[in-house]
Amino acid sequence: MTVFIIRRLLQSLLVLAAMTVIVFVGVYAIGNPIDILIAPDASEAERQRAIVSLGLDRSLPAQYFSFIGGLLQGDLGRSFVFNEPALTLVLNRLPATLELALAALMMSVFIGVPLGLWAGLKPESVAGRSIMVGSIFGFSLPNFWQGLMLILLFAVLLGWFPAGGRGVPGEFMGFRSSLFSLDGWQHLILPAVNLALFKTSLIIRLTRASVREAINLDFVKFARAKGLRESRIIGIHVLKVIMIPLVTVIGLEFGSLIAFAVVTETVFAWPGVGKLIIDSIFVLDRPVIVSYLIVIVLMFITINLIVDILYSVFDPRVRLEDVGT
């Protein structure tokens, strides 16, 4: 296991190094922030002073190596707009996005897995067919339209939940989060449901397909022939087999929930990192954009590493094959 983890860590470092180049060059190519940040009637001298003060007068390689030097010290530069450390801005907004993504993921798993199991075990029943039809709606409806409909129905017409914003965070064991207060949950429900609909549909279909495949395996037939209870066969033998693809997909989807919560955060005015990156792109605030992307890349790498380790726990052959190569 130790060799497996060390090898995965080295691979992760190589990926991170490659991503710093791609992210920096990509953000550099978007445009020149001076064209947006400086007033049109500014003199040429004022424009040059701004360019020098922001470090934009240096070549791309010089800016990149300066960025790498700062990255190694945990400094990703200062925001052009807020004049604050860009990494601090991103990290201050990250908890709101994390709690939104976590709530959406929990909804997807606790709703998607049981429904997928039912659809896989009883595919011809009315409930099984209805679940699959419902999952098609979850895939097909545009995310922003879902959000607007949720606001119209549950906030405007019924008045059950607030239309937007983040509630007052509660405190538990020194941690402050919307997950620890009733007001926080009232604000969290609608955006979390909106973010979870697509993922729930994905987990339903994946679970159903895995169950249909697993129940025809020889060891499941053997377990039935031995007279084991059906609940034990499904709850232990089948569930263990389908957990391998589920853990992989759920892990990767958690990363995408964080990275692509932008639409939901915008529709519900959720003060997360997704809304920050949209605002930063409008004004070409390069340090904030780069900081956001680096944090997201680090998060994806960490999640992939955890998924690989969990995968090897569920299926030790993965670990042995990796060591043998």
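The values are calculated or read from the model by the stated rules, or taken from the named source; none is laboratory data. On a predicted model such as this, the values are computed, not experimentally measured, just so you know. Cβ coordinates were reconstructed from backbone atoms using ideal geometry, including for glycine residues, and neighbour counts include every protein chain displayed. Just the protein is used for accessible areas: all its heavy atoms, side chains included, with ligands, DNA and RNA removed. Shrake-Rupley method; radii C 1.70, N 1.55, O 1.52, S 1.80 Å.
Taking segment 218-229, which residues are of a type in the set (Lys, Arg) and assigned to a helix (DSSP H, G or I)? I'd like the intermediate steps shown before the answer.
Step one: filter segment 218-229 for residues of a type in the set (Lys, Arg), giving 221, 224, 226, 229.
Within segment 218-229, LYS221, ARG224 meet the criteria.
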Practice task
Among residues belonging to segment 27-47 that are loosely packed, with under 13 Cβ neighbours inside 10 Å and part of a helix (DSSP H, G or I), point out the one that is nearest to the chain's Cα centre (by Cα).
Solution key: ILE30
Practice task
State yes or no: is GLU99 open to solvent by less than 40 Å² (accessible area, probe 1.4 Å) and touching a strand residue (DSSP E or B) at 6+ places or on another chain (Cβ under 9 Å)?
Solution key: yes
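Only one of LEU76, LEU16, LEU102 is touching a residue at least 12 places away in the same chain (Cβ under 8 Å) and outside any helix (DSSP H, G or I). Can you tell me which?
LEU76
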Problem - For ALA269: the one exception among (1) surrounded by fewer than 20 Cβ atoms within 10 Å (Cβ to Cβ); (2) of a type in the set (A, V, I, L, M); (3) in a helix (DSSP H, G or I) - result: (3)
Problem - Contacts under 6 angstrom Cβ, first residue in segment 289-307 being touching a residue at least 12 places away in the same chain (Cβ under 8 Å) and open to solvent by 60 Å² or more (accessible area, probe 1.4 Å), partner in a helix (DSSP H, G or I) and polar (S, T, N, Q), 6 or more apart - result: none
Exercise for the section: Answer yes if at least one residue in segment 17-26 is farther than 22 Å from VAL295 by Cα, of a type in the set (A, V, I, L, M, F, W, C), surrounded by 11 or more Cβ atoms within 10 Å (Cβ to Cβ) and at pLDDT below 80, and no otherwise. Expected result: no
Practice task
Specify the residue that is modelled with the lowest pLDDT; the eligible residues are those in segment 201-237 that are closer than 24 Å to VAL133 by Cα and hydroxyl-bearing (Ser, Thr, Tyr).
Solution key: SER210
Exercise for the section: Specify the residue that is farthest from SER79 (Cα to Cα); the eligible residues are those in segment 48-57 that are part of a helix (DSSP H, G or I) and not aliphatic (A, V, I, L, M). Expected result: GLN48
Handout entry: Condition met for ILE244 (within 26 Å of LEU115 (Cβ to Cβ), out of contact with any Lys or Arg (no Cβ under 9 Å at 6 or more places or on another chain) and surrounded by 18 or more Cβ atoms within 10 Å (Cβ to Cβ))
Key = no
Fill in the blank from the handout: Every listed condition ((1) modelled with pLDDT of 80 or more; (2) in a helix (DSSP H, G or I); (3) open to solvent by 60 Å² or more (accessible area, probe 1.4 Å)) holds for ILE68 save (3)
Problem - Residues of segment 272-285 that turn out to be outside any loop (DSSP other than H, G, I, E, B) and either in contact with a Pro (Cβ under 6 Å, 6 or more places away or on another chain) or aliphatic (A, V, I, L, M) (or both), as a count - result: 5
Problem - In segment 167-203, the residues that are in contact with a helix residue (DSSP H, G or I) (Cβ under 7 Å, 6 or more places away or on another chain) and of a type in the set (Gly, Ala, Ser) - result: GLY167, GLY170, SER177, SER178, GLY184, ALA192, ALA196, SER201
